[in-house]
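Structure, as structure tokens:
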Amino acid sequence: MRKSTLMIALVAAIFSIQSYSCDIHGKTGIMPENDLYRGVDALTGNGMTEELFNIIIDRANEVYAPVVETEGARLKFHRKWEDGTVNAYANQGGGVWNVHMFGGLARHELVSPDGFALVVCHELGHHLAGAPKIKRFWIPSWASNEGQSDYWASLKCFRRIFQDDDNARIVSKMDIDPQVESKCNAVWSDSNENALCKRMAQAAKGLATLLNSGRSVSFTTPDMSVVRKTDDKHPAGQCRLDTYFQGALCDKDLNDDVSKTDALAGTCNRVDDYETGIRPLCWYKPKTM
């Protein structure tokens, strides 16, 4: 009797934790709880407006709502433009896959509109980015972990949403980091894919600076730490920049999808002799090298 009671309690605990990938109040979403509040009247100069906030979310919803429907669920974006919270989070419940986006994060001076789109993709990634998943009591939950959600954001999501933009024209107006220029040119010969690579990388730098508590990050100083096992939690800011950049550099076909159980599917991997576009060892521990 006691064993069955303990088992029921364990299952209930797992179920309740699985319902949320982040704190339900948005305090520990894409980043830890913070006091970086940016109210609706904040003038941060990052180019974000309420109209653009909604356009970016609309474009993501147009692409991914049908994908979520194939999973037997409904995608719902919660558009909290007037809320100055600098965060975002995802959860699931009652057949609805939720993404909560806050105006405070969209308005933050380190987050460009493209950086905001990467956050939208990160939160979608908790639902759709596949393995590795966050484990609870050694059991994979519904949610892809933080590093995988970052990786998928540039590997698949941003590319899919913005592939039909005139990316070459957009990037021509940007000041591209020399390391980004070199690396993207080495991987992508197609002009649109090349421009998308640069566009994502530049967006990731500002976002990663925010995720690094405002401390600088660089494309020339990757995080060289090596985890002993895959870390499901938020990687350090430099590690997250590395992850977004590597996702942008992975030349897997956009339609080569990821898997809920196989971390190798649809991704670039060391075991397949990839040296570029691979998930950084600062959060990811491959089963085989």
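Kindly list the number of the only condition in (1) under 16 Å from G115 (Cα atoms); (2) surrounded by fewer than 23 Cβ atoms within 10 Å (Cβ to Cβ); (3) of a type in the set (V, I, T) that fails for V217.
Here V217 clears every test but (2).
Here is a list: D190, D175. Which entry is of a type in the set (D, E), at pLDDT 95 or above and over 22 Å from I278 (Cβ atoms)?
D175
Within the stretch 254-285, can you find the residues that are on the phi > 0 side of the Ramachandran plot and touching a residue at least 24 places away in the same chain (Cβ under 8 Å)?
Selection gives G266, G277.
Do we have any residue at all in the stretch 199-213 that's touching a Lys or Arg at 6+ places or on another chain (Cβ under 9 Å), hydroxyl-bearing (S, T, Y) and surrounded by fewer than 23 Cβ atoms within 10 Å (Cβ to Cβ)?
Within the stretch 199-213, one or more residues are touching a Lys or Arg at 6+ places or on another chain (Cβ under 9 Å), hydroxyl-bearing (S, T, Y) and surrounded by fewer than 23 Cβ atoms within 10 Å (Cβ to Cβ).
When you go through G47, G26, G39 one by one, which is the residue that is part of a loop (DSSP other than H, G, I, E, B), within 17 Å of F116 (Cβ to Cβ) and at pLDDT below 50?
Result: G26 is the single residue among G47, G26, G39 that is part of a loop (DSSP other than H, G, I, E, B), within 17 Å of F116 (Cβ to Cβ) and at pLDDT below 50.
In the stretch 79-91, which residue that is under 17 Å from the mean Cα position of the chain (by Cα) and assigned to a strand (DSSP E or B) is farthest from G237 (Cα to Cα)?
N91
Could you tell me whether any residue of the stretch 120-135 is under 23 Å from E82 (Cβ atoms) and either of a type in the set (V, I, T) or surrounded by fewer than 22 Cβ atoms within 10 Å (Cβ to Cβ) (or both)?
Yes, there is a match, as at least one residue in the stretch 120-135 is under 23 Å from E82 (Cβ atoms) and either of a type in the set (V, I, T) or surrounded by fewer than 22 Cβ atoms within 10 Å (Cβ to Cβ) (or both).
Considering every residue within the stretch 254-275, establish whether at least one is of a type in the set (D, E) and in contact with a strand residue (DSSP E or B) (Cβ under 7 Å, 6 or more places away or on another chain).
No, the stretch 254-275 contains no residue that is of a type in the set (D, E) and in contact with a strand residue (DSSP E or B) (Cβ under 7 Å, 6 or more places away or on another chain).
May I ask you to verify whether I57 is at pLDDT 95 or above and among the β-branched types (V, I, T)?
yes
When you go through T230, T276, T221, T261 one by one, which is the residue that is in contact with a Cys (Cβ under 8 Å, 6 or more places away or on another chain), among the polar types (S, T, N, Q) and part of a loop (DSSP other than H, G, I, E, B)?
Checking each option against the conditions leaves just T276.
Every residue, every condition in (1) touching a Lys or Arg at 6+ places or on another chain (Cβ under 7 Å); (2) farther than 30 Å from S216 by Cβ, yes or no:
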site	(1), (2)
V67	no, yes
T85	no, no
G94	no, yes
R107	yes, no
F116	no, no
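For the stretch 206-217, how many residues meet the condition of being touching a residue at least 24 places away in the same chain (Cβ under 8 Å) and not in a helix (DSSP H, G or I)?
4
The values are calculated or read from the model by the stated rules, or taken from the named source; none is laboratory data. Please read these numbers as outputs of a predicted model, since none were measured by experiment. Cβ coordinates were reconstructed from backbone atoms using ideal geometry, including for glycine residues, and neighbour counts include every protein chain displayed.
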